[in-house]
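Structure first, commentary second.
The values are calculated or read from the model by the stated rules, or taken from the named source; none is laboratory data. Small disclaimer: the values here were computed from a predicted structure and weren't measured. Neighbour counts are summed over all protein chains in view; Cβ atoms, including those assigned to glycine, are modelled from backbone coordinates with ideal geometry.
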Amino acid sequence: AYAIYTSGTTGKPKAVLVSHGSVDSFRAQLSGRYFGSPDESAEAVLFLANYVFDFSVEQLALSVLGGHKLLVPPPSAADDPAFYELANREGLSYLSGTPTQVERFDLARLSHLRCVLVAGEAFQPQHFEKMRGEFAGPILNAYGTTETTVYNTVHRFEPGDAYRNTLGAPLGNTRLYVLGDGMKLLPTGAVGELYLAGDCVTEGYLHRPELTRERFLPNPFAAESGRFPMIYRTGDL
């Protein structure tokens, strides 16, 4: 489907090869997750991400690939009164981005906003408190990697929920494993390295065969489902 670079926040950016199957499985997981079909409601999604980063895939999947509207903001939209007029006129209902991006907006001025999702950075208590002070609806925190197609887990904070630091539950195209030495499965509560398997796992790195072999490994749990031959080593504890 495409090659897209990692952000480089954990090292030198790398081009990841994402197959049609992986990106379509991600699109399918988003269908109906945050709002209904075009027949049920007309939604507008903000195209906040730079198109060279994989967060843009989420915003495209929810909008034009799902039959909804994609709203392209002007530069410095968060500080532009004309943007809020445009957003309310067009019915902006879904906003996603990094916590740093999202907290710049005055969410209280977005009269049609129904859902906010953050990912790509640690979601800190101060981010949550600022957003909750301006927006009473669901706030979602997602975790994932470019190597496993945008994001893989989501935690939903409903109105009244207190902040907590959690990855949330996996999407249906993702299997999570916490492994120790020798890639042995660890018991609940143990500290280990997070590995991801499922239709989300991409094809590896462009022109980086050694690194691909290091991070994309044969899945020792593949026999459980008869699928998902590869598992991705995130490096996250």
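Of all residues in the range 13-28, those that are in contact (Cβ under 8 Å) with a residue 24 or more places away in the chain and crowded, with 19+ Cβ neighbours inside 10 Å have Cβ atoms under 6 Å from Cβ atoms of residues that are small (Gly, Ala, Ser) and assigned to a loop (DSSP other than H, G, I, E, B), 6 or more apart or on another chain, in Val18/Ala1; Val23/Ala1.
Do we find a residue being surrounded by fewer than 21 Cβ atoms within 10 Å (Cβ to Cβ), under 27 Å from Ile4 (Cα atoms), touching a residue at least 60 places away in the same chain (Cβ under 8 Å) and within 21 Å of the chain's Cα centre (by Cα) anywhere in the range 175-182? The answer is no; no qualifying residue exists.
Within the range 208-237, the set of residues being crowded, with 16+ Cβ neighbours inside 10 Å and not in a strand (DSSP E or B) comprises Thr212, Arg215, Asn219, Pro220, Phe228, Thr234. Among the candidates Tyr34, Tyr51, single out the residue that is in contact with a Pro (Cβ under 9 Å, 6 or more places away or on another chain) and either part of a loop (DSSP other than H, G, I, E, B) or not basic (Lys, Arg) (or both). After applying the criteria, what remains is Tyr34. For the range 1-15, the set of residues classified as in contact with a Phe, Trp or Tyr (Cβ under 6 Å, 6 or more places away or on another chain) and at pLDDT 90 or above consists of Lys14, Ala15, listed by residue number. Residues of the range 193-209 that are out of contact with any Leu (no Cβ under 7 Å at 6 or more places or on another chain) and farther than 21 Å from Thr153 by Cβ: His207, Arg208, Pro209. Tallying residues that are over 21 Å from Met230 (Cα atoms) and assigned to a loop (DSSP other than H, G, I, E, B) within the range 6-31 yields 8.
Here is the figure for the range 62-114: residues that are farther than 28 Å from Phe26 by Cα and not aliphatic (A, V, I, L, M) total 13. A single member of Glu103, Glu85, Glu40 is within 19 Å of Asn141 (Cα to Cα), over 14 Å from the mean Cα position of the chain (by Cα) and free of Cβ contacts under 8 Å to residues at least 40 places away in the same chain, and it is Glu103.
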